[in-house]
1. Checking the condition under 20 Å from Val89 (Cβ atoms) and under 10 Å from the mean Cα position of the chain (by Cα), which residue from Gly231, Gly242 passes?
2. Taking the stretch 327-380 as the region of interest, how many residues are within 16 Å of the ligand (Cβ to nearest atom) and not polar (S, T, N, Q)?
3. Do we have Glu104 as out of contact with any Asp or Glu (no Cβ under 8 Å at 6 or more places or on another chain), under 30 Å from Val349 (Cα atoms) and at pLDDT 95 or above here?
4. Scan (1) open to solvent by 10 Å² or more (accessible area, probe 1.4 Å); (2) in a strand (DSSP E or B); (3) at pLDDT 95 or above for the single condition Lys237 breaks and write down its number.
5. Kindly evaluate Leu150 against the criterion of being open to solvent by less than 40 Å² (accessible area, probe 1.4 Å) and either in contact with a strand residue (DSSP E or B) (Cβ under 6 Å, 6 or more places away or on another chain) or in a loop (DSSP other than H, G, I, E, B) (or both).
6. Pick out the one residue from Ile169, Ile157 that is in contact with a His (Cβ under 7 Å, 6 or more places away or on another chain) and open to solvent by less than 10 Å² (accessible area, probe 1.4 Å).
7. Checking the condition open to solvent by 30 Å² or more (accessible area, probe 1.4 Å), away from the ligand (no atom under 16 Å from the Cβ) and without any contact (Cβ under 8 Å) to a residue 12 or more places away in the chain, which residue from Glu129, Glu104 passes?
8. Please find, among Gln293, Gln267, Gln360, Gln301, the residue that is outside the structural domain of Gly27 (by the TED database), over 30 Å from Val89 (Cβ atoms) and open to solvent by 20 Å² or more (accessible area, probe 1.4 Å).
Amino acid sequence: MDFTLSEEQLMIKQAAKDFAQSELLPGVIERDETQTFPNELVQKMGQLGFLGMMVNEKYGGSGLDTLSYVLAMEELSKVDASASVMVSVNNSLVCWGLETYGTEAQKEKYLTRLASGEIIGAFCLSEPEAGSDATSQKTTAIDKGDHYILNGTKNWITNGNRAEVYLVIAQTHVEKGHHGINALIVEKGMEGFEIGPKENKLGIRGSDTHSLLFNDVKVPKENRIGEDGFGFKFAMKTLAGGRIGIAAQALGIAAGAYELALQYSKQRKAFGTEIANHQAIAFKLADMHTKIQAARHLVYQAACDKDAKRDYTLSGAMAKLYASEVAMETAIEAVQVHGGNGYVKDYHVERLMRDAKITQIYEGTSEIQKIVISRSILKD
Ligand SMILES: Cc1cc2nc3c(=O)[nH]c(=O)nc-3n(C[C@H](O)[C@H](O)[C@H](O)COP(=O)(O)OP(=O)(O)OC[C@H]3O[C@@H](n4cnc5c(N)ncnc54)[C@H](O)[C@@H]3O)c2cc1C
């Protein structure tokens, strides 16, 4: 495969890099500490087109390909993975799901505002008893003719409080199992919809993660995405693409940690020379560089598969599995290269190490990616 980037792709990568350095880097330590992320920064990301990158221009998006999106995700994630998860959820789960499966009316009402960054979306599948086993949905959406009555709890929802629009997966026909699940568009402020407290997390602390409570929420039927019973397939299809975004996030965290380690190793002296001249350190850098490049190829491959309309279930799962392992490993080694300085906040690598862990958990844990991969290779 030829991964030579076009002029446009290089420009997008550079724009994301510039934004990350000038806007995200200042204050990233404080945002992590205080678990906050100012609205003005979200608005800037919207103005620069990062929140609807792949959405068709007629719906207010930037009309770019998936490869451009992963390039931007990598650059943003090098500096602030809390910002990039917002970008990832809004682009690959919410906007993509609505653009691909929504009605024209839903696109006009919601997608245009989501793609421009005027509002942010959330994707709500996980529940207290339904994480990896997403078929065990306990949230119900009972069909009442022209509307559904929604009851239940969702857990761990990214953009949980910031979002205005929520794509909620719920069980309508229990007897049909996962064929009886629907995906509904729920708006903030609908009666009976409450936002639970913010989770106090290990990493991506600038991203707001909440549980959501639905108590007899009346959702109009025109807010259902796809045919009756399409909800589970909707969630799986959407997550298959979402994983490419998270793989790119993991790649960015790894690359960010590596760049900091490389730079530090050329400055810090021990035993009369820069630590990069000690082979133990140089070999760590060699391993990091090699693994990051391998991860990058997997991520690009998955993005190119999606752009070429080839099946990307396998390539996306491999990209996420490997890139998230590389992110964790690289970030831990970057802390080691920094010695004591790696253990304090000012040098950024301890945050990247904490942020890396989530990439092995959300949008399908590493164990679940191995199930997806093994099923795919064993089916032929
Ligand atoms: C910060 C954060 C943000 C999140 N954002 C969102 C969001 O926006 N929307 C959303 O819907 N969800 C979100 N999630 C939820 C996330 O997707 C789930 O946490 C994840 O899918 C794992 O589910 P679980 O936590 O219930 O773990 P469990 O499913 O209970 O898994 C526990 C362990 O068992 C392993 N395991 C489970 N089943 C198997 C199996 N069959 N074979 C081998 N091992 C297995 C898992 O890999 C894991 O190691 C978020 C989570 C976090 C922490």
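The values are calculated or read from the model by the stated rules, or taken from the named source; none is laboratory data. Since we're looking at a predicted model, the values are computed, not measured. Cβ atoms come from the backbone with ideal geometry, glycine included; neighbour counts cover every protein chain shown. To get the accessible areas, we keep the full protein, side chains included, count just its heavy atoms, and leave off ligands, DNA and RNA. Shrake-Rupley method; radii C 1.70, N 1.55, O 1.52, S 1.80 Å.
1. Values: Gly231 fails: under 10 Å from the mean Cα position of the chain (by Cα).
Checking each option against the conditions leaves just Gly242.
2. 22
3. So Glu104 fails the test.
4. Condition not satisfied by Lys237: (2).
5. So Leu150 fits the description; yes.
6. Exactly one residue qualifies, and that residue is Ile157.
7. It is Glu104.
8. Selected residue: Gln267, the only one of Gln293, Gln267, Gln360, Gln301 that is outside the structural domain of Gly27 (by the TED database), over 30 Å from Val89 (Cβ atoms) and open to solvent by 20 Å² or more (accessible area, probe 1.4 Å).
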